[in-house]
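K.L.:
Submitted below is the structure of interest, expressed as structure tokens.
The values are calculated or read from the model by the stated rules, or taken from the named source; none is laboratory data. Nothing here was measured: the structure is a model prediction, and the numbers come from that model. Note: ideal-geometry Cβ built from the backbone for every residue, glycine included; neighbour counts use all protein chains shown.
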Amino acid sequence: MGSLLQTPPSTSNAGKSAKPGSPVAAVNAAAASFAGLTAKLDYLSSSDVEQVRLAYRFADEAHLGQLRNNGEPYITHPIAVAAQCAEWKLDAQALMAALLHDALEDCGVTKIELIEKFGSPVAELVDGLTKLDKLQFNTREENQAESFRKMLLAMARDVRVILIKLADRSHNMRTLSDVPRSKWSRISSETLDIYAPIAHRLGLNQTYRELQDLAFQHLRPWRYAILSKAVAKARSRRRDLIQKVQKEVEAVFAEAKMPIRIAGREKTLYSIYQKMDKKHLSFAQVTDIYGFRVLVPNITDCYTALGLLHQLYKPVPGKFKDHIAIAKVNGYQSLHTTLVGPAGINIEFQMRTEAMHVVAESGVAAHWLYKVNNPEDGTADRLGTKWLQSLLDIQDETRDAAEFWDHVKVDLFPDAVYVFTPKSQIMALPRGATVVDFAYAIHSNIGDRTIAARINGEQVPLRTELKNGDVVEVVTAPVSTPNPAWLGFVRTGRARSKIRHHLKTMAQTESEGLGAKLLAQALRAEGIEGFPEDNPAYAPLWDKLLRFTGNKTKHELLTDIGLGKRIANIVAKRMVNLLSEAGERPDALLLTRERFTAHETNTLSSITLDGSENASVQFAPCCRPIPGDAIVGYLGRGEGLVVHMADCGVAKKLQHKDSERFIGVEWSDEPVRAFETGIVVTVTNGKGVLAKVAAALASAEADIIHIDMGQDGVRDASDMRLIIGVRDTAHIAIALRNLHRTPSVLRAQRASNSAG
């Protein structure tokens, strides 16, 4: 902000201060006084003017002894910024913030001090300006510039912050010649990339034009000088022509008895330069350097004026634009037409009403300007609405500045939130995006390995929604993998697809591991110890086996066995036949041992479960087995291994129909996680019953995963159906014992298995 032009008193610039009594000192003193600003504050009440005066005194003391690069007292900068804000007729709070905008950062003044002296709204404005000033625009990529522009707009909670910031930048650009030349390029590029487009987006046309030309002047001084001379020469050459056109136009409107105000308009040097550069034109080929604005009483007159002008001069085909019927996004409204004037010169005309002119020149600031200038005028009173409606389609006028800005922001960037990486790169994400979305936006590997996150230095949950301006830091771990629960809160398609892809891949990998186990087990039952080796000698055997099963690869075959799409026993029998053809015989001792123990429960051929199997093994929801229960394993078609309790009715039906799909399974001695199971608790209805049940389960260290209260609230007693997480059958026994001791609990038992 202003601080980039500031020089502390200790530097060599301090010597530039003029001696007391000298003419320069007198000029400096006048520029640094409040008197120059007072003349522009006639639209404020006397109490408001007094508040602004107090802010000036405070700022003057805070900056005492500080000088700008040109030797002027530093306070001249805040006064110039406040004067620009007064041109836009901003309120007293905005003017006070403009005067104080560098005090917070540069003079050791605290936000609390500002709140005590000037109130919270002013302190918030100053704080907002200080935060924006801390943002560093480091890269020159166009997309970064666009993100930065949007970020500035989105971060400012109050439109006045942006207006003060633009006033600040305007004054800095006007005095850029006093800054070392080495800084011109950076500051000018930043102005062209960031601040001029913001001024344009907000409809501040005058500021937009000025910022562009000042930036162009310091970025390309030589080209600016040449173009400036060419335009001045053309202007003097065509002065008579322009005057002739103006007289002819005024005569036509006088004859039609239509009151108008006509003003000349000249294309800015930067826009001429851009046109020449982009379209590869010479200066002589740029035809629309000059134009006229015709201001008329009302909208109908705009179209009447167009007709009168088209009768006076011939229009250029394809050069008519109706921005009244279809306003620009920043609220701009006018009729544009290009006519062939005397001597074949093309001249652009813009027809608009006075109200449209205010919006065209001042954009968002018109919200204040019109309120101040025309308090009694009904149409003026509705201009805020009109500007907003064209921008946002809002029905009611918004008087409050903060609310007004909220609406403007919603329209400018309805779905975006802008955050920083720790290295200050800007990331644009959809509104409602979370930390996990951010992690996947950086890189899918970062997203997959995310375990924790910090926002603005504070630890936060991964489901935290991001806000504009957040600095987001993601913590990763090499062993971490995506959690299926993330799918419940991520907003971006990228994150969702990456998580799903990883889970699917992980499920296939686990299914392949399970398939390998099942095939090895089936081969042992046939007297073959382990897989045939992956060496060229066994390649023909695997080719024949894959032709038999219809799989393309060994991995696919094992995955299919793990998912239950192929039965391990049948594949094993085929492999034994192929091995026999190759001259390998089953091991008789192994075969005898396997067959002898096959009738015993849970033999060596059983698969051991510890809860780490994830997607490849499912625990049946009909009976919800837990460690300690007698269990059986069923290879469902495409479902992988489904584990049931041995006495489960569903399992018994399946055994009757599909016995060859059942395999032996057993629990590990040390399961690695809790397992879900169902309980039914019968309670007497009354206050606090649920809390008592929850407390009893919490004291047993059993997690409640789901509760179904049923529809029995009108009776004396009702059944609560709960799904809880427990370690094993001993753990559920403790939980049920706790429940039995609880007042209001009549009965507590494990949910019964599905009937056979």
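K.L.:
H336 - would you say it is more than 21 Å from A284 (Cα to Cα) and outside any helix (DSSP H, G or I)?
P.N.:
yes
K.L.:
From the set of residues in region 156-199 that are under 21 Å from P78 (Cβ atoms) and polar (S, T, N, Q), which is surrounded by the fewest Cβ atoms within 10 Å (Cβ to Cβ)?
P.N.:
S177
K.L.:
Sticking with this structure for a sec: Within region 261-279, can you find the residues that are surrounded by fewer than 20 Cβ atoms within 10 Å (Cβ to Cβ) and under 20 Å from K229 (Cα atoms)?
P.N.:
G264, R265, E266, K267, T268, S271, Q274, K275, M276, D277
K.L.:
Let me ask something additional. Counting only residues that are buried (at least 19 other Cβ atoms within 10 Å of the Cβ) and not hydrophobic (A, V, I, L, M, F, W, C), which one in region 623-640 is nearest to the chain's Cα centre (by Cα)?
P.N.:
Among those residues, the one meeting the criterion is G640.
K.L.:
Please list, ordered by first then second residue, the pairs with beta carbon atoms under 8 Å, 6 or more apart or interchain, first in region 155-169 and assigned to a helix (DSSP H, G or I), second at pLDDT below 80 and polar (S, T, N, Q).
P.N.:
Once the first residue is assigned to a helix (DSSP H, G or I) and sits in region 155-169, its partners that are at pLDDT below 80 and polar (S, T, N, Q) give M155/N468.
K.L.:
Something else: Would region 277-289 turn up any residue that is closer than 27 Å to Y332 by Cβ, outside the structural domain of Y332 (by TED's automatic domain parsing) and outside any helix (DSSP H, G or I)?
P.N.:
No, every residue in region 277-289 fails to be closer than 27 Å to Y332 by Cβ, outside the structural domain of Y332 (by TED's automatic domain parsing) and outside any helix (DSSP H, G or I).
K.L.:
For region 603-622, enumerate the residues that are of a type in the set (S, T, N, Q), at pLDDT below 80 and either crowded, with 18+ Cβ neighbours inside 10 Å or in contact with a Gly (Cβ under 8 Å, 6 or more places away or on another chain) (or both).
P.N.:
If the condition is that a residue be of a type in the set (S, T, N, Q), at pLDDT below 80 and either crowded, with 18+ Cβ neighbours inside 10 Å or in contact with a Gly (Cβ under 8 Å, 6 or more places away or on another chain) (or both), then T603, S605, S606, S616 are the ones that fit.
K.L.:
Which condition from (1) exposed (fewer than 14 other Cβ atoms within 10 Å of the Cβ); (2) in contact with a strand residue (DSSP E or B) (Cβ under 7 Å, 6 or more places away or on another chain); (3) not polar (S, T, N, Q) is the one that L306 breaks?
P.N.:
Of everything listed in (1) exposed (fewer than 14 other Cβ atoms within 10 Å of the Cβ); (2) in contact with a strand residue (DSSP E or B) (Cβ under 7 Å, 6 or more places away or on another chain); (3) not polar (S, T, N, Q), L306 misses just condition (1).
K.L.:
Within region 186-196, is there a residue that is in contact (Cβ under 8 Å) with a residue 60 or more places away in the chain, assigned to a helix (DSSP H, G or I) and under 30 Å from P297 (Cα atoms)?
P.N.:
no
K.L.:
Could you tell me whether L339 is farther than 25 Å from L269 by Cβ and aliphatic (A, V, I, L, M)?
P.N.:
no
K.L.:
In addition: Regarding region 254-273, can at least one residue be identified that is closer than 29 Å to L211 by Cβ and either free of Cβ contacts under 8 Å to residues at least 24 places away in the same chain or among the polar types (S, T, N, Q) (or both)?
P.N.:
So far as region 254-273 goes, yes, one or more of its residues are closer than 29 Å to L211 by Cβ and either free of Cβ contacts under 8 Å to residues at least 24 places away in the same chain or among the polar types (S, T, N, Q) (or both).
K.L.:
So the check is Cβ under 7 Å with 6+ separation or different chains; which pairs have a first residue in region 488-501 that's assigned by TED's automatic domain parsing to the domain that holds P461 and a second one that's surrounded by fewer than 16 Cβ atoms within 10 Å (Cβ to Cβ) and of a type in the set (F, W, Y)?
P.N.:
Short answer, once both residue conditions are applied: none.
K.L.:
Quick check on G447: is it modelled with pLDDT of 80 or more, assigned to a loop (DSSP other than H, G, I, E, B), outside the structural domain of H555 (by TED's automatic domain parsing) and not β-branched (V, I, T)?
P.N.:
no
K.L.:
So for region 257-266 (the condition being under 42 Å from the mean Cα position of the chain (by Cα) and not small (G, A, S)), does at least one residue qualify?
P.N.:
Within region 257-266, one or more residues are under 42 Å from the mean Cα position of the chain (by Cα) and not small (G, A, S).
K.L.:
Now a separate question. Counting only residues that are modelled with pLDDT under 85 and farther than 17 Å from T337 by Cβ, how many does region 278-321 have?
P.N.:
9
K.L.:
Inside region 63-78, can you point out the residues that are modelled with pLDDT of 85 or more and in contact with a Leu (Cβ under 8 Å, 6 or more places away or on another chain)?
P.N.:
The answer is P73, Y74, H77, P78.
K.L.:
Let me ask something else. Give me the residue from region 79-90 that is at pLDDT below 85 and under 16 Å from H171 (Cβ atoms) and, out of that set, surrounded by the most Cβ atoms within 10 Å (Cβ to Cβ).
P.N.:
The residue in question is L90.
K.L.:
Could you list, ordered by first residue, the pairs with Cβ atoms under 8 Å in which the first is in region 209-237 and within 16 Å of W184 (Cα to Cα) and the second is modelled with pLDDT under 90 and outside any helix (DSSP H, G or I), at least 6 apart or interchain?
P.N.:
Listed by first residue and then by second, the contacts come to Q212/T268; D213/T268.
K.L.:
Among I262, I272, I324, which is in a strand (DSSP E or B), at pLDDT below 90 and among the β-branched types (V, I, T)?
P.N.:
Matching residue, one of I262, I272, I324: I262.
K.L.:
If you don't mind, there's one more thing I want to ask. Can you give me the number of residues within region 410-429 that are of a type outside the set (F, W, Y), modelled with pLDDT of 80 or more and assigned to a strand (DSSP E or B)?
P.N.:
2
K.L.:
Kindly provide the set of residues from region 309-328 that are within 35 Å of the chain's Cα centre (by Cα), buried (at least 16 other Cβ atoms within 10 Å of the Cβ) and among the β-branched types (V, I, T), ordered by number.
P.N.:
Of everything in region 309-328, just one residue is within 35 Å of the chain's Cα centre (by Cα), buried (at least 16 other Cβ atoms within 10 Å of the Cβ) and among the β-branched types (V, I, T), namely I324.
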